[in-house]
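Enquirer: Handing you a structure now.
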Amino acid sequence: MTDERLHRTLDALWRMESPRLVARIARMTGDVGVAEELTQDVLLSALERWPADGMPDNPAAWLMTASKRRAIDHLRQRALHARKQVEFGLELEAQGKDMQDDHAARDADDDIGDDLLRLMFVACHPVLPSESRVALTLRLLGGLSTTEIARAFLQPEPTVAQRIVRAKRTLAEKQVPFEVPRRAELGERLGAVLEAIYLVFNEGYAASAGEDWMRPGLCDEALRLGRVLAGLLPDESEVFGLLALMELQASRAKARVAVDGSPILLMDQDRHRWDRLQIQRGLAALERAQRLAAGGAPGSYALQAAIAACHARARRAQDTDWPRIAALYAVLARVAPSPVIELNRAVAVARAEGPAAALPLVDALRNAPQLRDYGLLHAVRADLLLQLGRRDEARIAFERAADLAGNARDRALMRDRAAACTAAHD
């Protein structure tokens with residue numbers, strides 16, 4: 001394997017494995033900042049050793065073992081209590097026997113049972129503002145880069161980077177113990193954990209950067225965390241709302257990308273390729289979310305899942321109940337006001353009432369600070385202009401959407417649509 005190929009392989013592996021490494025080492029050391037530093041040291045070690053020694057037979061296990069060794073060395077250097085030294089030393093000698101798991105189970109009221117989800121709850125400590133909790137969780141435990149997180153928040157990258165740095169500093173200054181919150185304390189952290197899982201899924205479903213339109217590994221991990229969380233908190237409506245949303249969205253995965261990797265938009269997808277079993281799981285989770293929320297206001301995830309269910313139930317694109325989707329978006333805009341939700345509502349209005357009814361809604365959003373450099377706004381506007389026969393304006397809007405696209409597949413799609421406007425006009 002060439003050095004270049006090995007580096008690409010290691011980079012892909014690191015994106016998948018680093019959250020688990022940080023989660024495990026933070027659990028061992030009790031300090032997420034230290035965990036991040038130690039795992040970065042392991043990455044550098046792999047970059048130095050693997051080109052010369054060759055890639056290990058089980059590279060993920062190599063990274064985990066090396067990370068644990070670094071953690072053990074760090075704990076010894078801090079001169080921890082002799083009993084902890086013995087326990088962690090035995091783990092090293094036993095080649096990864098997880099004795100510290102037994103110790104942690106005795107010392108903490110921990111029934112989460114998943115390292116990554118456990119550390120999500122830890123990082124979402126109420127001492128931090130909500131957005132800082134989510135940003136920190138996404139950076140350390142969601143496997144997202146600062147650039148990807150900034151795109152998810154529709155905010156400048158330096159702002160998000162400073163937020164993450166301040167969050168880690170605050171946790172250190174407040175001497176927040178990295179211990180599992182008691183079950184009674186999970187509720188005040190649940191909203192941030194749900195948002196983090198949701199944003200990880202979104203990045204996997206529609207990658208904000210890179211060459212691939214989807215990152216299935218992130219979708220799979222978010223779904224796994226959602227299913228674990230549903231088992232942990234079986235009476236939380238929004239947990240099942242988020243799970244339903246992810247199941248229903250993920251059911252389209254095989255139909256969203258062509259053989260050459262190019263994207264296939266929703267209305268053009270072969271719905272026979274949608275995963276009907278996953279749709280049934282999603283509908284069942286939605287029904288449970290609605291049952292748990294009976295008598296109360298619907299949550300934002302349950303509402304989004306209800307929208308996804310409208311698509312899932314339509315066997316043909318032309319059978320989609322767009323008036324209901326538009327009505328659901330109107331409710332969602334009241335429950336969770338957001339210019340992105342208003343943009344999605346405009347798309348539904350266009351389908352239900354025509355492009356002339358939707359274009360003023362989109363134009364009203366053009367000055368929203370969050371959407372000023374949001375490529376999808378220009379893509380939606382271009383599509384509406386095209387439907388209205390205003391091809392020159394549509395071409396300009398598609399070109400603007402291409403300029404703002406961080407993902408190579410999105411950029412190519414927008415440029416192709418811009419060129420099609422010119423060709424049709426000629």
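The values are calculated or read from the model by the stated rules, or taken from the named source; none is laboratory data. It should be emphasised that the depicted structure is a prediction, and the values quoted were computed from it without experimental measurement. We place every Cβ from the backbone using ideal geometry, glycine too, and count neighbours over all the protein chains shown.
Enquirer: Go through (1) modelled with pLDDT under 95; (2) of a type outside the set (Asp, Glu); (3) at positive phi and name the single condition Leu404 misses.
Expert: Among (1) modelled with pLDDT under 95; (2) of a type outside the set (Asp, Glu); (3) at positive phi, Leu404 violates only (3).
Enquirer: Identify all residues within the stretch 383-394 that are of a type in the set (Lys, Arg) and out of contact with any His (no Cβ under 8 Å at 6 or more places or on another chain); write none if there are none.
Expert: Looking only at the stretch 383-394, we keep the residues that are of a type in the set (Lys, Arg), and these are 390-391.
Once the filter is applied, which keeps residues that are of a type in the set (Lys, Arg) and out of contact with any His (no Cβ under 8 Å at 6 or more places or on another chain), the stretch 383-394 yields only Arg390.
Enquirer: Please give the helices (runs of 4 or more DSSP H) falling wholly within the stretch 327-418 in which 3 or more residues are among the aromatic types (Phe, Trp, Tyr) and within 19 Å of Ala207 (Cα to Cα).
Expert: Numbers: elements: 339-353, 355-363, 375-387, 391-404.
In the stretch 327-418, there are no helices (runs of 4 or more DSSP H) which contain 3 or more residues that are among the aromatic types (Phe, Trp, Tyr) and within 19 Å of Ala207 (Cα to Cα).
Enquirer: Is there any pair with a first residue in the stretch 195-214 that is touching a residue at least 12 places away in the same chain (Cβ under 8 Å) and more than 18 Å from Leu265 (Cα to Cα) and a second that is surrounded by 24 or more Cβ atoms within 10 Å (Cβ to Cβ) and polar (S, T, N, Q) whose Cβ atoms are under 6 Å apart and which are 6 or more apart or on different chains, and what are they?
Expert: Filtered contacts from the stretch 195-214: Ala196/Thr137.
Enquirer: Search the stretch 146-163 for residues that are at negative phi and among the small types (Gly, Ala, Ser) and pair each with any residue that is at pLDDT below 85 and surrounded by 16 or more Cβ atoms within 10 Å (Cβ to Cβ) when their beta-carbon atoms are under 8 Å apart and the residues are at least 6 apart or on different chains.
Expert: Listed pairs, sorted by first residue: Ala152/Leu138; Ala152/Leu144; Ala152/Ser208.
Enquirer: Would you confirm whether or not the stretch 228-249 contains a residue that is within 29 Å of Leu116 (Cα to Cα), touching a Ser or Thr at 6+ places or on another chain (Cβ under 7 Å), in a helix (DSSP H, G or I) and among the small types (Gly, Ala, Ser)?
Expert: Here is the first cut: in the stretch 228-249, the ones within 29 Å of Leu116 (Cα to Cα) are 228-249.
Then keep just the ones that are touching a Ser or Thr at 6+ places or on another chain (Cβ under 7 Å); that gives none.
Looking through the stretch 228-249, none of the residues is within 29 Å of Leu116 (Cα to Cα), touching a Ser or Thr at 6+ places or on another chain (Cβ under 7 Å), in a helix (DSSP H, G or I) and among the small types (Gly, Ala, Ser).
Enquirer: Hey, another quick one. Of Ala357, Ala424, which residue is hydrophobic (A, V, I, L, M, F, W, C), at pLDDT 95 or above and out of contact with any strand residue (DSSP E or B) (no Cβ under 9 Å at 6 or more places or on another chain)? Lay out the reasoning, then the answer.
Expert: Values: Ala424 fails: at pLDDT 95 or above.
Residue meeting the stated conditions: Ala357.
Enquirer: Let me ask you something else. Just a yes or no: is a residue in the stretch 167-187 assigned to a helix (DSSP H, G or I), at pLDDT 90 or above, touching a Ser or Thr at 6+ places or on another chain (Cβ under 6 Å) and surrounded by 16 or more Cβ atoms within 10 Å (Cβ to Cβ)?
Expert: At the first step, the residues of the stretch 167-187 found to be assigned to a helix (DSSP H, G or I) are 167-173, 183-185, 187.
Those left that are additionally at pLDDT 90 or above: none.
The answer is no; no qualifying residue exists.
Enquirer: Taking the stretch 190-225 only, how many residues are assigned to a helix (DSSP H, G or I), surrounded by fewer than 21 Cβ atoms within 10 Å (Cβ to Cβ) and charged (D, E, K, R)?
Expert: Residues flagged as assigned to a helix (DSSP H, G or I), surrounded by fewer than 21 Cβ atoms within 10 Å (Cβ to Cβ) and charged (D, E, K, R) within the stretch 190-225 amount to 2.
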